[in-house]
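What follows is a set of notes on a single structure, which appears directly below.
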Amino acid sequence: MPTSSDVAPHQGVPDMPSAYLNGFAEAARADRELAERYVTATRIGDPAADAVMAELAEFDEARVQGWIRAGIEADPSALADAPPATRAFFADIEAAPAWFDEAAVLPGCRAFHRNSEMFIGAFVAAVLVEGFSTLISQSFSITGRVTDQGVRRLKQNNRHLVEIFLPGGLDRHGDGWKLSVRIRLLHARIRQLLTHSAEWDAAAWGTPLSAAHMAFATAAFSGLLLKRAAMLGVSLSDEERDSFMLIWRYAGHLMGVPENLLIQSQADALRLVEIGLLCEPAPTLESVILSNGLINSAPVVAGIGSRKERLSLTGKIYRISRALIGDELADQLNYPPMNTTGTLAAIRLKNGLEKLLHRISPSLGGKRRASQFQTMLSVSLYADEGIRYRLPGELHAERDAEL
């Protein structure tokens, strides 16, 4: 009877993208079942949202935008003349799944806003960078939706994070719910454009913005974000941690992550990230460009105009990022060489002293949290016209401004 070591590395995963062959062999030794699920999902997009995009391709932009706005803003009567896959898509996501408990998300919301500065810092300096180290970087690099419009994209990412952690943000009419669904449809549209582009190498990379990468992103933005924030001194109770994970589980559901890759606990998320990274090839040139572009965009997002001050802040972010993600990945991403000894300890000490001061003076703590909230809003994208529902008509970002 054959043992697990006798099984061919790719057996059980037909038509595996070539870029994953070597990584899968290593990942399978650690957790074959999860590795198979992950790599199988690199050939899958989002069937329900993809069906919507295929169906809407026959209609003009004004009608498409109207139906999407009506579906997200909850005006069922306006969808009466929409095509069937579009009506079915919005009907399916209308109600929350049975496992989602609205009351249970409040501890996670409070924990996020109590530590928003550190969560946003860990998100930008580590978790987004670690996400771009995967082949998802190919999709963003081809479209230019990070390289050409980095500041706007970073602010959009920040806004989504902020909105899902506002109390009521994931209610049916909350902006966190609306933005999650908008992101799902936007991804489906970009997937459609990339699939029909000669620039996309399906044999090597699988499906653009695949289910695997959507699951990886959700796991990274939840469990890995908790881990990186803890490295900066953020301490959460078990209840807050579980609540934080529930928020991201529902956000992942809304963004189309398949049920068999939808995380439940922080341990689940960290395991998925671990196996996913083993499956993924080493960071590509596109990963290097996107990760470094992200860090260099951060001072601009923060509103720093002076070149000297921007360079100083960029250096600090590089140092913190290297300390968080480790020297091996930082070197693969061509980070400048730096000694990070004591970097995280200094941040943890500062946070500890602030918490002590806030316990001694609650009014000071309240002012500090209010200041954090204002800062968080300033680095997030908000527009006077509200959420935009136009989908890209072109593959490359320079032809589709302000998406």
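Results for (1) more than 20 Å from the chain's Cα centre (by Cα); (2) of a type in the set (D, E, K, R); (3) at pLDDT 90 or above, shown as yes or no for each residue.
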site	(1), (2), (3)
289	no, no, yes
306	yes, no, no
313	yes, no, no
319	yes, yes, yes
334	yes, no, yes
Inset, instruction - Residues being crowded, with 24+ Cβ neighbours inside 10 Å and on the phi > 0 side of the Ramachandran plot: count how many of those fall in the stretch 219-251. - result: 0
Inset, instruction - Tell me the helices (runs of 4 or more DSSP H) entirely within the stretch 187-284 that contain at least 2 residues that are closer than 27 Å to residue 97 by Cβ and within 15 Å of the chain's Cα centre (by Cα). - result: 211-219, 225-231, 238-254, 266-279
Inset, instruction - Please indicate, with yes or no, whether at least one residue in the stretch 62-77 is over 22 Å from the mean Cα position of the chain (by Cα), over 24 Å from residue 207 (Cα atoms), of a type outside the set (Lys, Arg) and not in a helix (DSSP H, G or I). - result: yes
Inset, instruction - Please find, among 153, 172, 145, the residue that is at pLDDT below 90, outside any helix (DSSP H, G or I) and among the basic types (Lys, Arg). - result: 145
Inset, instruction - Tell me which residues, restricted to the stretch 327-337, are loosely packed, with under 13 Cβ neighbours inside 10 Å and either touching a His at 6+ places or on another chain (Cβ under 9 Å) or not in a helix (DSSP H, G or I) (or both). - result: 336, 337
Inset, instruction - Please indicate, with yes or no, whether at least one residue in the stretch 92-114 is farther than 20 Å from residue 247 by Cα and either out of contact with any Leu (no Cβ under 6 Å at 6 or more places or on another chain) or surrounded by fewer than 21 Cβ atoms within 10 Å (Cβ to Cβ) (or both). - result: no
Inset, instruction - Go through the stretch 1-24 and count every residue that is among the small types (Gly, Ala, Ser) and either at pLDDT below 95 or under 20 Å from the mean Cα position of the chain (by Cα) (or both). - result: 4
Inset, instruction - Kindly provide the set of residues from the stretch 303-325 that are in contact (Cβ under 8 Å) with a residue 12 or more places away in the chain and buried (at least 16 other Cβ atoms within 10 Å of the Cβ), ordered by number. - result: 313, 314, 317, 318, 319, 320, 321, 322, 323, 324, 325
Inset, instruction - Confirm whether residue 294 is under 16 Å from the mean Cα position of the chain (by Cα), modelled with pLDDT under 95 and either of a type outside the set (A, V, I, L, M, F, W, C) or in a helix (DSSP H, G or I) (or both). - result: yes
Legend entry - Residue pairs meeting the criteria (Cβ under 7 Å; at least 6 apart or on separate chains; first in a helix (DSSP H, G or I) and surrounded by 15 or more Cβ atoms within 10 Å (Cβ to Cβ), in the stretch 18-32; second among the β-branched types (Val, Ile, Thr) and at pLDDT 95 or above): 20/39; 20/42; 24/39; 27/275; 31/275
Inset, instruction - Would you mind stating whether residue 39 is modelled with pLDDT of 95 or more, touching a Cys at 6+ places or on another chain (Cβ under 9 Å) and within 29 Å of residue 244 (Cα to Cα)? - result: yes
Legend entry - Count of residues meeting criterion [at pLDDT below 95 and of a type in the set (Ser, Thr, Tyr)] in the stretch 198-214: 0
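The values are calculated or read from the model by the stated rules, or taken from the named source; none is laboratory data. Quick caveat, the model's predicted, so the values are computed rather than measured. Virtual Cβ from ideal backbone geometry, glycine too; neighbours counted across all protein chains shown.
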